[in-house]
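Here is the structure we will look at, set down as structure tokens.
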Amino acid sequence: MQHFDSVLKENRIFKPSDDFRQAANIGQLEDYQNLWEFADKDYLQYWADLARDLISWKKPFMTIFDDSNAPFYKWFPDGKLNVSYNCLDRHLPDKGNKTALIFESDFGQVSSFSYAQLHNRVCRFGNALRELGIGKGDRVVIYMPMLVEAVIAMQACARIGAVHSVVFGGFSAGALRDRIEDAGAKLVITANGGLRGGKIIPLKETVDEALDMGCPTVENVVVYYRLNIDTAWRNGRDLWWHELSKHQPEFCEPEWMNSEDPLFILYTSGSTGKPKGIVHSSAGYLLGAINTFRNVFDNKPNDVYWCTADVGWITGHSYVCYGPLANGATQVIYEGVPSYPDPGRIWRIIQRHKINVFYTSPTLIRSLTRVGDWIPNKYDLSSLRLLGSVGEPINPSAWMWLYEVIGKERCPIVDTWWQTETGSIMLSPLPGINSMKPGSCALPLPGIMADVVDETGQRISGQSGGLLVIKRPFPSMLRTIWNDDKRYQATYFPAELGGKYYVAGDSAHRDEDGYFWILGRTDDVLNVSGHRLGTMEIESALVANPQVAEAAVVGRPDEIKGEAVVAFVVLNTALPEGQEARDLAEQLKQWVSKEIGKIARPEDIRFAENLPKTRSGKIMRRLLRSIAKNEVITQDVSTLENPQIIGQLQRQVL
Ligand code: WTA
């Protein structure tokens with residue numbers, strides 16, 4: 001495990017303005033304290049009341065919680081509901097004409113969909129899926145660009161009780177195949193292409209390639225016609241979305257699901273080579289998404305909200321597909337690259353749609369900071385009233401830039417900490433209540449029993465880092481890892497901590513005000529531009545190349561991306577030099593892009609005749625991390641079996 005101590009000394013504190021506080025959904029200190037008191041005193045009742053208030057139930061639940069098979073917890077287990085009904089149908093009586101989605105394409109065309117129109121599209125597509133024989137419990141992989149249709153596909157699955165598994169459109173054929181096979185998907189939904197930054201992303205070709213490599217469970221591929229391009233076709237297997245939907249009835253009866261029926265699987269990286277299929281429930285997950293969207297983003301009926309996350313990640317699930325729609329909000333979906341065709345695009349979108357609430361990632365903020373204040377200053381950003389950040393620690397300087405240059409010191413910033421596994425935001429300031437400290441994700445939301453403990457489960461405070469845990473099960477937490485209950489239990493509820501605490505895999509410390517500061521992952525997971533990548537996954541990809549004998553991957557701090565991938569490689573042939581080394585490094589970078597996806601492409605590949613190992617054969621990752629940072633090695637290398645290779649590992653291929 002990696003250990004961290006906090007070196008950050010950040011003392012600035014910012015309070016929400018009186019205006020903001022007075023208008024906020026939770027703005028009275030007393031209300032906030034009451035929520036905490038209630039949660040502390042009667043934890044289960046606290047969640048039960050919220051679940052009754054915020055969810056429309058087909059059959060109300062009588063049992064709140066069942067921990068008879070811990071840590072396989074159940075929430076509201078005897079209730080029945082449908083998530084898509086909660087996102088669409090229940091708004092129709094009074095919000096049918098309200099805009100649900102505003103779509104801006106890569107090229108800047110805009111279209112919008114009211115709740116009634118979205119309902120109609122979801123119903124027709126849901127019926128189409130049923131006609132294909134898809135029903136409750138069947139797995140459907142969605143491999144789509146950032147289009148309204150991606151949301152429609154997810155909602156249609158939820159409507160008919162199928163379990164979707166969205167795979168980010170940047171993943172390669174191999175990564176897609178692995179996920180399809182692990183989920184045992186019957187159907188894949190894709191588009192004939194995607195557009196990003198004016199370039200065509202050949203999604204359908206990648207699906208064909210993935211299916212050629214295996215995936216025996218897939219019966220059909222439904223293809224959305226996005227681009228006027230030639231599309232390779234397999235008769236009998238491939239079907240056009242528009243043809244399937246054309247004659248479908250305009251209403252699709254929701255499948256009434258049990259609270260605990262899985263809503264979706266989403267794959268994420270862990271500390272082994274195999275991604276984990278995180279399984280989320282229907283009711284508990286929905287409750288987390290609704291409640292946090294309303295409180296953290298202080299959702300107001302007339303707000304226009306924009307989250308820049310892709311639906312391929314958890315943020316796109318909870319804060320594009322489910323949370324905003326379940327609250328009847330209006331949101332923008334943008335198809336393309338934030339800096340296309342120029343670095344002003346983001347601010348133009350905000351100006352054009354008069355965005356009030358903007359939720360994005362530190363990587364994006366850092367990349368925009370770089371190009372200079374004059375770019376955002378050209379645009380009217382006065383509609384903004386709240387800003388949010390997610391996915392990685394935001395460094396105080398990027399926070400200050402967002403606060404001053406974009407929010408003009410008027411907009412609170414919610415730095416939200418959470419994970420694929422937690423389903424919804426866990427730590428964040430409540431924007432009308434809590435003061436903000438740049439770089440801290442503040443405090444647990446009411447009802448979230450988060451803390452920092454040592455390896456025996458004892459509480460830690462002060463500057464030293466410890467394990468970030470959540471001490472009581474909460475409704476939106478993952479239910480298991482698909483096909484791997486054992487790994488779920490061992491990873492998240494380790495016996496060393498008593499088996500009762502949810503262990504997040506992050507290191508954190510709490511300051512004297514109880515504020516949380518995230519220090520980094522405790523496992524071998526990198527966070528590159530807010531995307532989780534397992535070092536083992538990249539290592540497996542590298543050693544799958546016939547030229548590679550052995551590989552070790554570590555992260556190196558990066559000004560823009562947060563972390564960059566550095567790979568140390570031992571070849572099957574002699575140590576390459578000069579041009580040969582450059583060519584090989586480039587080949588291997590491309591290889592990783594092809595095996596996993598561009599997001600995993602190493603920034604730096606270094607060759608050596610061996611890796612630094614202890615006498616017992618363990619790779620010294622800590623040493624590799626220092627070498628990757630080009631630090632002077634002060635570590636004790638006396639246990640190293642082969643100290644002479646350090647010089648080779650230090651040599652960058654330039
Ligand atoms: C990191 C994304 C610091 C953390 C929602 C976590 C953060 C991992 C923050 C989850 C934040 C997320 N500050 N670090 N505000 N938010 N992280 O599953 O290491 O893609 O464990 O979920 O991102 O990444 P995931």
Taking the chain and counting helices only, DSSP H stretches of n ≥ 4 at -39,500 (n - 2.57) each over all residues, the nearest-500 ellipticity at 222 nm comes to -8500 deg cm²/dmol
For GLY520, enumerate residues with amide H under 5 Å from its amide H, sequence gap 5+ or separate chain, H modeled in the peptide plane.
-> SER507
Taking the dipole about the Cα centre of segment 563-654, with the C-beta of Lys and Arg at +1 and of Asp and Glu at -1, give me whichever of ASN572, ILE619, ILE633 is farthest to the positive side.
-> ILE619
Per residue of segment 332-338, in order, report the coupling 6.51 cos²θ - 1.76 cosθ + 1.60 (Karplus, θ = phi - 60°) as ³J(HN,Hα) in whole Hz, putting x for Gly and Pro.
-> 9, 10, 10, 6, x, 8, x
So who's got an amide H within less than 5 Å of the one on ALA450, skipping anything under 5 residues away but keeping other chains? H placed 1.01 Å off N, in plane.
-> LYS471
The alpha-carbon center of segment 257-316 and that of segment 584-612 are separated, in whole Å, by 32 Å
Rounded to the nearest 0.05, what FRET efficiency do ARG348 and SER397 have when you use their Cβ-Cβ distance and R0 = 30 Å?
-> 0.75
Interatomic Cα distance distribution for segment 166-231, bins of 5 angstrom, percent = 4, 18, 30, 26, 13, 7, 2
Check: segment 217-265 dipole with +1 on Lys, Arg Cβ and -1 on Asp, Glu Cβ, in debye | 360 debye
If all Cα-Cα distances of segment 529-650 are sorted into 5 Å bins from 0 onward, what percent lands in each bin, rounded to whole numbers?
-> 2, 11, 22, 24, 20, 13, 6, 1
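Looking at segment 238-316, what % of the alpha carbon pairs are farther apart than 19 Å?
Everything past 19 Å amounts to 63 percent.
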What translational D, rounded to a whole number of µm²/s, comes out for segment 6-53 from Stokes-Einstein when the hydrodynamic radius is the Kirkwood one over Cα pairs, at 37 °C and 0.692 mPa s?
-> 245 µm²/s
Determine the principal axes of the Cα atoms in segment 21-133, then give the extent along each, sorted from largest to smallest and rounded to whole angstroms.
-> 51, 46, 30
Sorting GLU537, GLU512, GLU595 on the 10 Å Cβ count, fewest up front, what's the list?
-> GLU512, GLU595, GLU537
How big is the chain in terms of Cα radius of gyration and Dmax, in angstroms?
-> 24.4, 74
From the phi of every residue in segment 540-552, what ³J(HN,Hα) in whole Hz does the Karplus formula 6.51 cos²θ - 1.76 cosθ + 1.60 yield, where θ is phi - 60° and glycine or proline is x?
-> 4, 4, 5, 6, 6, 7, x, 7, 9, 8, 7, 8, 9
Provide ASP380, ASP261 in ascending order of the number of other Cβ atoms located within 10 Å of each residue's Cβ, fewest first.
-> ASP380, ASP261
Excluding residues fewer than 8 places away in the same chain, name every one of the aspartates and glutamates whose C-alpha is closer than 14 Å to that of LYS246.
-> GLU131
For the chain, with the dipole built from +1 on Lys and Arg beta-carbon atoms and -1 on Asp and Glu ones, taken about the Cα centre, which of ILE518, ALA289, GLY439 lies farthest toward the positive end?
-> ALA289
Leading residue at positive end of dipole, the chain (Cβ point charges), from TYR115, HIS280, TRP482 | TYR115
Projected area of segment 329-476, taken from the Cα convex hull and averaged over every viewing direction, in nm²?
-> 10.3 nm²
The set of cysteines in the chain having no other cysteine's C-beta under 4.7 Å reads CYS87, CYS157, CYS215, CYS307, CYS321, CYS411, CYS441
Could you work out Rg/(2.2 N^0.38 Å) for segment 269-394, with Rg from alpha carbons only?
-> 1.14
Note on segment 40-101: C-alpha Rg/Rh, Kirkwood Rh, two decimals, gives 1.09
Share of pairwise Cα separations in segment 186-330, more than 21 Å, in percent | 61 percent
Expressed as a whole number of Å, what is the distance separating the alpha-carbon centroids of segment 406-475 and segment 500-558?
-> 19 Å
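For the chain, what is the charge dipole size about the Cα centre, in debye to the nearest 20, if Lys and Arg each add +1 at the Cβ and Asp and Glu each add -1 at the Cβ? Numbers along the way, then the final one.
Numbers: 70 positive and 78 negative charges, 151 e Å.
Here the chain has a charge dipole of around 720 debye.
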Enumerate the amide H contacts of ALA564 below 5 Å, restricted to partners 5 or more residues apart or on another chain; note that Pro and chain-start residues carry no placed amide H.
-> ARG556, ASP558
What is the fewest-to-most order of SER529, SER68, SER105 by other Cβ atoms lying within 10 Å of their Cβ?
-> SER68, SER105, SER529
Sequence-separation-based contact order of the chain, relative, with Cα cut under 8 Å and 6+ spacing, percent | 14 percent
Which whole-number value in Å³ per residue fits the convex hull of the alpha carbons of segment 464-581?
-> 179 Å³
Please get the size of the charge dipole for segment 529-650, origin at its Cα centre, with Cβ charges of +1 on Lys and Arg and -1 on Asp and Glu, quoted in debye to the nearest 20.
-> 360 debye
As straight-line cross-link partners of LYS80, the qualifying aspartates and glutamates (C-alpha separation under 12 Å, not fewer than 8 residues apart within one chain) are GLU255, GLU260, ASP261
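Apply 1/(1 + (r/R0)^6) to the Cβ-Cβ distance of GLN28 and ASP67, taking R0 = 30 Å, and write down the FRET efficiency to the nearest 0.05.
Calculated value: 0.35.
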Over 22 Å between Cα atoms, which of LYS58/LYS95; LYS186/LYS276; LYS300/LYS471; LYS95/LYS408; LYS204/LYS598; LYS59/LYS136 qualify?
-> LYS300/LYS471; LYS95/LYS408
What nm distance separates the two modelled labels at MET213 and ILE633, each placed 7 Å from Cα along Cα→Cβ?
-> 3.5 nm
If you plug each phi of segment 85-97 into the Karplus form 6.51 cos²θ - 1.76 cosθ + 1.60 with θ = phi - 60°, what whole-Hz ³J(HN,Hα) values come out, in order, with x for Gly and Pro?
-> 4, 5, 8, 10, 4, 6, 8, 4, x, 10, 10, x, 8
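Readers should treat all values here as calculations from the given coordinates under stated rules, not as data from a laboratory. These numbers were taken from a predicted model, which means no experiment stands behind them. Positions of Cβ are generated from backbone atoms using ideal geometry, with glycine treated the same way; all protein chains shown enter the neighbour counts.
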